[in-house]
C-alpha cells in the first residue's frame, strides 16, 4: 500500500479540489488571518492543526455554514480540509490497519 502522503495526494488529485489556487494566507471578514497551506502537502496532524486554527478565528461563529460571502474561500478550504481528514486520515488509515498494513501520519 502506498504511503499515506501519496494516498492523500492521489485522493486530492482525483477529487479535483483546486488547492493550489487556495494556498496562502486568508484574512477573514472579521480581520483574522489564517494560513491556508496546500492540503496535498499536509500530514494528518497538520490538517487537524489547521482546522483548529480556522476554528479559532470564529469566522462563522458556531454556525455550520458561512454567513459572510467574503469568507467563502476559507469556508471551501475548511470543507476540503475536513474531507481530506476524513477520507485519508480516518477511512484509509482504518482500512490499512484492518489489512495489517502499518499506517503513517
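For the range 56-74, what are the residues that are over 18 Å from residue 42 (Cα atoms) and either assigned to a helix (DSSP H, G or I) or touching a strand residue (DSSP E or B) at 6+ places or on another chain (Cβ under 6 Å) (or both)? Talk me through it step by step, then tell me what you get.
Filtering the range 56-74 for residues over 18 Å from residue 42 (Cα atoms) gives 56-73.
Once the filter is applied, which keeps residues that are over 18 Å from residue 42 (Cα atoms) and either assigned to a helix (DSSP H, G or I) or touching a strand residue (DSSP E or B) at 6+ places or on another chain (Cβ under 6 Å) (or both), the range 56-74 yields 56, 57, 69, 70, 71, 72, 73.
I'd like the full set of residues that are within 11 Å of the chain's Cα centre (by Cα) and over 12 Å from residue 28 (Cα atoms), limited to the range 50-79.
50, 51, 52, 76, 77, 78, 79
Coordinate-derived values only; no laboratory data. All values derive from a computational prediction rather than experimental measurement. Ideal geometry is used to build each Cβ from the backbone, glycine not excepted, and the neighbour counts take in all protein chains shown.
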